[in-house]
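Note sheet for the following structure.
The values are calculated or read from the model by the stated rules, or taken from the named source; none is laboratory data. As the structure is a prediction and not an experimental result, all values here were calculated from the model. SASA here: full protein model, heavy atoms, side chains in, ligands and nucleic acids out. Shrake-Rupley method; radii C 1.70, N 1.55, O 1.52, S 1.80 Å.
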Amino acid sequence: MLREVALFGALAPTLLLYFLAAIPLFLVIDRIASPLGLYRLVWHPPLARLALFACVLSGLVLFTAH
């Protein structure tokens, strides 16, 4: 994994790029999970959404790691 990337002339940590890539993936999964009623099965839906985003972000990092 790269330490930092030049982004518009400024150095940005690689984790920021993973974070920005994880947002659309999370939104797609969230749009699928909401109509299915999966959030009604959990105790705290916003906490479940945060955990889902953390899983998507960590999965993306682990999937692309060399």
**OP:** Determine the per residue accessible area of segment 1-45 with all protein chains present and a 1.4 angstrom probe, expressed in square angstrom.
**Re:** 84
Subject >> Sequence of Phe8, Phe53, Phe63 when ordered by accessible area, the most exposed leading, probe 1.4 angstrom >> reply: Phe8, Phe63, Phe53
**OP:** Apply the Karplus parameterisation 6.51 cos²θ - 1.76 cosθ + 1.60, with θ equal to phi minus 60°, to every residue of segment 34-49 and state each ³J(HN,Hα) to the nearest whole Hz, in sequence, with x for glycine and proline.
**Re:** 5, x, 6, x, 5, 6, 6, 8, 9, 6, 10, x, x, 5, 5, 5
Original post:
Ignoring ligands, DNA and RNA, what percent of the 1.4 Å accessible area of the chain is carbon and sulfur?
Top reply: 75
Subject >> the chain, relative contact order in percent, only Cα pairs under 8 angstrom and at least six apart counted >> reply: 34
Original post:
To one decimal place, what orientation-averaged projected area in nm² is obtained for the convex hull of the Cα set of the chain?
Top reply: 5.2
